1. Skipping prolines and chain starts, which residues have an amide H placed within reach, meaning under 5 Å, of the one on residue 104, given they are 5 or more residues away or on another chain?
2. Report Rg(Cα)/(2.2 N^0.38 Å) for the range 13-112, keeping two decimals.
3. Give the angle, between 0 and 90 degrees and rounded to the nearest 10, that separates the Cα long axis of helix 14-54 from the longest principal axis of the Cα atoms of the chain.
4. For mean projected area of the Cα convex hull in nm², which listed value, [x] 29.7; [y] 18.0; [z] 19.7, comes from the coordinates shown?
5. For the charge dipole of the chain, defined by +1 on Lys and Arg C-beta atoms and -1 on Asp and Glu C-beta atoms about the Cα centroid, which residue among 122, 200, 141 has the Cα displaced farthest towards the positive pole?
6. Report the label-to-label distance for residue 264 and residue 34 in nanometres (one decimal), using points 7 Å from each Cα along the Cα→Cβ vector.
7. Angle, helix 70-79 long axis vs. longest principal axis of the chain, Cα atoms, 0 to 90°, nearest 10?
8. Report Rg (one decimal) and Dmax (nearest whole number) for the range 230-360, counting Cα atoms only, units Å.
Amino acid sequence: MRQAIPATLRDPSHSRQQPRWRELRLLGELLRWLFSCALTLLGLALVTFAMTRLSPIDPALQLVGDHASQSTYDAARVALALDQPLPVQFLRYLQSALSGNFGLSISTGQPVAADIARTFPATLELATAAILLGSLIGLSLGIAAAMRQGGLVDAIARFVSLFGYSVPIFWLGLLMLLLFYARLHWAPGPGRLDVMFQYTVKPVTGFALIDTWLSGKPGAFRDALGHLALPAIVLAFHALAGISRLTRAAILAELGQEYVLTARAKGASLSRVVFVHILPNIAGTLLTVVALAYASLLEGAVLTETVFAWPGIGRYLTTAMFSGDMPAILGATLVVGSCFVLLNALTDLGVARINRGRTR
């Protein structure tokens, strides 16, 4: 009797259906991700637009000054589309934001986009250095504390976490400047570069470490690294407090799971269980923790940049707020908020990819 041929062998196209459905599912997830990002960014633009209209500062009057004539004031209102209905004003504002035109800064007299392009790389460099250092120490400390629960390392990790959350970041920055700069002279002063290098190093990328490395001047590179060290350590300490605490909690929650108990019953060591079984399972959680810490550093480095005279977007935003510079405030807020939204969206994609890899 002839044996029946399975349908998967009779129809060669059946083997291609599953990859095709997988591709369609990935395309659907990507489209949902893009729609979610666009909707969130649209909401952010709407909030910043509402800030301009609810602010007591008249944009036209701020642009032309108090002593301008009525005709000049009216021309400024027309140029800013303030004589149009609110929906038309919002569409004009959205079009300008998408094209990178945030207006002129009242404080600097330069286009806000140019100011942001000059200051944002400094913040990005500082936050990236801080999150790399904070993640390395925070993850290591959290893993060690979970593996030695109740021991000395665990006590140190909990103290560091509590201290990092409790101490004001500006106070810690001032204390480090007083100790390592004013007293011990181990670190250079505030700023990104000494005066002797500021005008001799060509700003190619906007990142001090890269520009000084490209300049071929070892002294300039060491100076940039020395200026970056203290503010990066301050921000890293603030970031590692949360990273270590959440890493410890995530590992301890997994230690009571059945697969861990089974592995331990089979004779697997605790370190093997943690590094081979637990860490891959909580990789999505750790990625989210690190990404949120990185986003908070990008948007929350205002006090650190102020204390260390770091010419980043946080200090630029603070100066704009004190001077009532609405174009600079809105432009910087929109750029930082967009970075936060995109970073969170990319984190969601990464977590989904990790979870999808685990289920295969």
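Just so it is clear, none of the values below were taken in a lab; they were calculated from the coordinates. Because the structure is predicted, anything quoted here is derived from the model rather than measured. Every residue, glycine as well, gets a Cβ built from its backbone with ideal geometry; the counts of neighbours run over all protein chains shown.
1. 112
2. Numbers: Rg = 21.8 Å, N = 100, 2.2 N^0.38 = 12.7 Å.
Its radius of gyration relative to the 2.2 N^0.38 Å reference: 1.72.
3. Tilt relative to the chain: about 30 degrees.
4. Structure-derived value, by its label: [x].
5. 141
6. My value for the distance between the label points is 4.8 nm.
7. Roughly 20 degrees, rounded to the nearest 10.
8. Rg, Dmax (Cα atoms, Å): 19.9, 67.
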